[in-house]
Amino acid sequence: MARHLFVLEEVIAMLQVLGAAKGTIENFRRQAEAVSKKRPKHAVDDMVDDITVASGYGHTSQRGFVEFTLNDQLSQMEPKKAREIGYMLIEAAEAATSDEMFVTLLKRVGIEDAERLGRMLIDLREIRQGTRGIARPS
């Protein structure tokens, strides 16, 4: 099963929905930010994953397959699943570009508060895909 990763603003929004006390939320925020500061910092351009994609044919299965390797993790899948993943990657790339433009625009009109920007991005995600969470194809 895949791990679910959330940005801090999403976790805080969930805590608020659950009715957590403001003090608890603020303590959580401080702790999360302290942990984040201890992580090694890299610019997005410096983070490089080794990705390879190849097609293959299974002599036993008599079927074509796609092989996807991310760093040292190998996965083989049916072509239909590979197309689905490719489409998800394209959609996520478009959404990331949209998020960046949205935040850039908000900053240009004077909205700089990271928490407020995060909440607005969560709202944008809900408008764009119908959910605040991770969208998965059916």
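The values are calculated or read from the model by the stated rules, or taken from the named source; none is laboratory data. Source: prediction; values computed, not measured. Quick reminder, even Gly has a Cβ in these numbers, built from the backbone with ideal geometry, and neighbours come from all protein chains shown.
Six or more apart or on different chains, Cβ under 6 Å: which pairs go from a residue in region 47-60 that's without any contact (Cβ under 8 Å) to a residue 12 or more places away in the chain to one that's assigned to a strand (DSSP E or B) and of a type outside the set (A, V, I, L, M, F, W, C)? Could you list them?
Tyr57/Gly64
Among what's in region 15-24 and is exposed (fewer than 15 other Cβ atoms within 10 Å of the Cβ) and within 18 Å of Arg116 (Cα to Cα), pick the residue that is modelled with the highest pLDDT.
Checked region 15-24; the qualifying residue modelled with the highest pLDDT is Lys22.
Which of the strands (runs of 3 or more DSSP E) found entirely inside region 39-138 contain at least 1 residues meeting this: surrounded by 10 or more Cβ atoms within 10 Å (Cβ to Cβ), at pLDDT 85 or above and of a type in the set (Lys, Arg)? Break it down stepwise before answering.
Working: elements: 51-58, 63-70, 73-77.
Hits in region 39-138: 63-70.
Return yes when Phe6 is within 20 Å of the chain's Cα centre (by Cα), at pLDDT 90 or above and aromatic (Phe, Trp, Tyr) and no when it is not.
Numbers: within 20 Å of the chain's Cα centre (by Cα): yes; at pLDDT 90 or above: no; aromatic (Phe, Trp, Tyr): yes.
Answer is no for this residue.
Output the number of the condition that Ala95 fails; it satisfies all remaining conditions of (1) more than 30 Å from Phe28 (Cβ to Cβ); (2) within 18 Å of the chain's Cα centre (by Cα); (3) not hydroxyl-bearing (Ser, Thr, Tyr).
Exception for Ala95: condition (1).
Against the condition modelled with pLDDT of 95 or more, surrounded by 12 or more Cβ atoms within 10 Å (Cβ to Cβ) and within 30 Å of Val7 (Cβ to Cβ), how does Arg29 come out, does it pass?
Working: modelled with pLDDT of 95 or more: no; surrounded by 12 or more Cβ atoms within 10 Å (Cβ to Cβ): yes; within 30 Å of Val7 (Cβ to Cβ): yes.
No; evaluated as a whole, the condition is false for this residue.
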